[in-house]
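Novice: Following this message is one structure expressed as structure tokens.
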Amino acid sequence: MSDPTLLVLSSLAGGDKHGYAMMVDIERFAGVHLGPGTLYGAITRLEECGWIRPVAASAKDRRQPYTITAAGREYLHDQLSNLDRVVRAGQRRLKHA
Amino acid sequence: MKRTLKFLARLYPPRWRKRYGAELDALLEDATPSDRDAFDLLWGAFKMQVTTWSFGRITLAGSLAGLLVAAAISFAVPLHYLSQSFVEVTAAEGTAPQSTIHLTGNVARDVFSRDSLGSIIQEHNLYPRERARMPLDSVINIMRRNISLYSLTVASPQNPNAFKFTVQFDYSDPRVAQEVNAELTSRLIEGNLRMRQQQLNPGSGLQFMVLDPPSLPLKPSGPNRTQFAAVGLFAGLLAGLTLAIAFRPRRTTTV
């Protein structure tokens, strides 16, 4: 899976994170390196859609943490269910091949 | 590398930077950037800029970019020069015009054969760069594409047994173009003489006469920069329209 939108939502489903923390987390759980341009492109789109939102950070820290919204969780759930169906169908067919 | 990335981050639209600029800068300070990240950031800035542009602006920018790329390519392509000579061919009386053309074609086939062109390439040291990286047969094919033999007039009313044709050779050096064209023209004449000697009745053959010797081209025949610009503009317009259509929905919806 290399869709930056799903990767960012999956990362935030595990807890609030700022950009760099998301980058490290995604690299760890998915083995995908999201470049800064791709990551912030996804963050911009997700915030526009209302699926993530910024949370308060300390005034001194320029790093902005984000959290996943209820709509974001629902969207992620739907997408992962679809993916799961595809994965299970693929595995079943591989067994019978 | 970090300095480069910070510079690239400045390429994002001001409104976007006002909202995300500080946190993107913080991320760039934390991360260990690579060349791939620099390209990713540049592409991200480009996409973000394009999403803020109007349909017309994207199309215009695409067209201008196409025009600039085409202009750059047209200036990078080496100039080439066309030398041409005019030859009159006269057949013996009673020879049908089509037969004259057929006989001339036979002479030309002999002159433009692999061996003949191969020897001209060697003698005049033509296409040195191409010869360094491809077999001689491929270089000969390139030379064939640079030679043209055009029939100008067939059986004029004044002299129904004669017609004119032009020999053209296109090359990157005007003087070499002229020398090689002279060689091709003289080989055509020699080839015709050889063919006449081999015939039972030499009087029935063709007579070649050079009307205009191979010219020394003063102006390049190509590349045609206007044509390049037109193609570039059209390709850029298409690319701009594609980008405008691809990026337009992102301003209102999407993921």
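Novice: Take B:Ala31 and decide whether it is modelled with pLDDT under 90, more than 30 Å from B:Val210 (Cα to Cα) and within 14 Å of another protein chain (Cβ to nearest Cβ).
Specialist: It is true that B:Ala31 is modelled with pLDDT under 90, more than 30 Å from B:Val210 (Cα to Cα) and within 14 Å of another protein chain (Cβ to nearest Cβ).
Novice: Still on this structure, I have one more. Do we have B:Val77 as at pLDDT below 90 and within 14 Å of chain A (Cβ to nearest Cβ) here?
Specialist: No: the conditions fail for B:Val77.
Novice: For B:Leu8, all conditions in the list (1) without any contact (Cβ under 8 Å) to a residue 40 or more places away in the chain; (2) in contact with a Ser or Thr (Cβ under 7 Å, 6 or more places away or on another chain) hold save one; what is the number of the exception?
Specialist: Result: B:Leu8 passes all but (2).
Novice: Hey, can you tell me all the residues within the stretch B:185-231 that are assigned to a loop (DSSP other than H, G, I, E, B) and either modelled with pLDDT of 85 or more or surrounded by 17 or more Cβ atoms within 10 Å (Cβ to Cβ) (or both)?
Specialist: Those that are assigned to a loop (DSSP other than H, G, I, E, B) and either modelled with pLDDT of 85 or more or surrounded by 17 or more Cβ atoms within 10 Å (Cβ to Cβ) (or both): B:Gly205, B:Pro213, B:Pro214, B:Ser215, B:Leu216, B:Pro217, B:Leu218, B:Lys219, B:Pro220, B:Ser221, B:Pro223, B:Asn224.
Novice: Which of the residues that make up the stretch A:51-69 are surrounded by 12 or more Cβ atoms within 10 Å (Cβ to Cβ) and of a type in the set (Ser, Thr, Tyr)?
Specialist: A:Tyr66, A:Thr67, A:Thr69
Novice: Continuing with the same structure: Just give me the residues in the stretch B:80-106 being modelled with pLDDT under 85 and acidic (Asp, Glu), in sequence order.
Specialist: Correct list: B:Glu93 only.
Novice: Scanning for something in contact (Cβ under 8 Å) with a residue 60 or more places away in the chain and within 42 Å of the chain's Cα centre (by Cα), does the stretch B:18-37 turn up at least one residue?
Specialist: Checked against the condition, which is being in contact (Cβ under 8 Å) with a residue 60 or more places away in the chain and within 42 Å of the chain's Cα centre (by Cα), the stretch B:18-37 yields no hits at all.
Novice: Taking the criterion of being at pLDDT below 85 and in contact with a Ser or Thr (Cβ under 9 Å, 6 or more places away or on another chain), would at least one residue in the stretch B:232-243 satisfy it?
Specialist: Filtering the stretch B:232-243 for residues at pLDDT below 85 gives B:243.
Keeping just the survivors that are in contact with a Ser or Thr (Cβ under 9 Å, 6 or more places away or on another chain) gives B:243.
Yes, there is a match, as at least one residue in the stretch B:232-243 is at pLDDT below 85 and in contact with a Ser or Thr (Cβ under 9 Å, 6 or more places away or on another chain).
Novice: Turning to a different aspect of this structure: Go through the stretch A:35-86 and give me each residue that's facing chain B (nearest Cβ under 8 Å), touching a Leu at 6+ places or on another chain (Cβ under 6 Å) and over 27 Å from B:Lys2 (Cα atoms).
Specialist: The answer is none; no residue qualifies.
Novice: Within the stretch A:52-71, identify whether any single residue is assigned to a helix (DSSP H, G or I) and in contact with a helix residue (DSSP H, G or I) (Cβ under 6 Å, 6 or more places away or on another chain), and answer yes or no.
Specialist: no
Novice: Additional query: Here are the criteria: (1) within 21 Å of B:Ser34 (Cβ to Cβ); (2) surrounded by 18 or more Cβ atoms within 10 Å (Cβ to Cβ). Tell me which single one A:Val24 does not satisfy.
Specialist: Every listed condition holds for A:Val24 apart from (2).
Novice: Here's another thing I want to ask about it. Do any helices (runs of 4 or more DSSP H) lying entirely in the stretch B:1-81 carry at least 1 residues that are among the acidic types (Asp, Glu) and surrounded by fewer than 15 Cβ atoms within 10 Å (Cβ to Cβ), and which ones are they?
Specialist: Those helices (runs of 4 or more DSSP H) span B:14-30, B:35-52.
Novice: Report, by residue number, each residue of the stretch B:106-144 that is free of Cβ contacts under 8 Å to residues at least 24 places away in the same chain, surrounded by 12 or more Cβ atoms within 10 Å (Cβ to Cβ) and either of a type outside the set (A, V, I, L, M, F, W, C) or assigned to a helix (DSSP H, G or I) (or both).
Specialist: Hits for the stretch B:106-144 are B:Ser113, B:Gly118, B:Ser119, B:Ile121, B:Tyr127, B:Glu130, B:Arg131, B:Leu136, B:Ser138, B:Val139, B:Asn141, B:Ile142.
Novice: Right, another one. Does at least one position in the stretch A:1-13 carry a residue that is crowded, with 20+ Cβ neighbours inside 10 Å, more than 22 Å from B:Ala31 (Cα to Cα) and at the interface with chain B (Cβ under 9 Å from one of its Cβ atoms)?
Specialist: no
The values are calculated or read from the model by the stated rules, or taken from the named source; none is laboratory data. What you see is a predicted model; the values in this text were computed from it and never measured. For neighbour counting, all protein chains shown are included, and Cβ atoms are generated from backbone atoms with ideal geometry for every residue, glycine included.
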